[in-house]
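The values are calculated or read from the model by the stated rules, or taken from the named source; none is laboratory data. What you see is a predicted model, and the numbers here were worked out from it, not measured in a lab. Positions of Cβ are backbone-derived with ideal geometry, glycine not excepted, and every protein chain shown enters the neighbour counts. Quick note on the areas: whole protein, heavy atoms, side chains included, nothing else; ligands and nucleic acids left out. Shrake-Rupley method; radii C 1.70, N 1.55, O 1.52, S 1.80 Å.
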Amino acid sequence: MLVDLLKFMDEPLAEDIAWHLPTLYWLARTGCGDVIELGVRNGFSTIALLAGASERGRQLYSYDIDPTCEWRAMATWSKHMPLLRWLVGNHWRFRSQDSVAAAYDWGVQHGPSWRRPGLLFVDTSHGYDRTLAELRAWHDKLSAKSVICGHDYSLPSAGVRAAVATFCEDHRGQYTMQSTDHTNGLFILRRIDQ
């Protein structure tokens, strides 16, 4: 699966996320529960998260306000992934929905016995207000050992870095922070065992 995933790194459309795909795969594979993805676009991050989650029998729940993301992602994958039909049918759930509203609907959609997700990946509007709202909305839905990560952390025109800083200030002492600035940056917040 990882070998197939690495083929995506040469896709021209994957350029800004390509070098983060192995990290996303690893976070989904080694995490402690199902995966939530906010923002799909052409599905490059989606396939990395899906590959990692599916290897552990976990689900990937992807949310995007653009309903065409589902078929665009599948068109992208079909060129590379022979196991696409099985992965999508058994491990991927796409919903065209606002990412903040999705957090509030999570318990309703999944019933009283839902498992808390272990990984949240954020790559939507990149605006400060929106990113902070997403982090705050999903925070209480995640497991106690969850990881939150997101793309475009170092994009100068985006508000992701400032939103992450505010979120970390809101939850002082609850997360450790890692980041990289290459290819628009990636941040990783790991919950500290309480």
Extension reserve of the Arg115-Arg72 stretch, reckoned as 0.36 nm per residue once the Cα distance is removed: 12.6 nm
In the stretch 116-194, taking the dipole from +1 charges on Lys and Arg beta carbons and -1 charges on Asp and Glu beta carbons about the Cα centre, the listed residue (Thr176, Ala165, Gly127) farthest towards the positive end is Thr176
Distance in nm between Met177 and Asp129 label points, each 7 Å along Cα→Cβ, equals 2.3 nm
Considering only protein heavy atoms and a probe of 1.4 Å, how much of the accessible area of the stretch 126-194 is carbon and sulfur, as a whole percent? 50 percent
Please give the solvent-accessible surface of Arg116 in Å², to the nearest 10, using a probe radius of 1.4 Å with every protein chain present. 110 Å²
Would you calculate the separation in nanometres between label points at Val108 and Ala144, each defined as 7 Å from the Cα along the Cα-to-beta-carbon direction? 2.9 nm
Can you figure out the FRET efficiency of Asp170 with Trp26, using R₀ = 35 Å and their beta-carbon distance, to the nearest 0.05? 0.80
Please give the Cα centre distance for the stretch 35-52 versus the stretch 116-194, rounded to the nearest Å. 16 Å
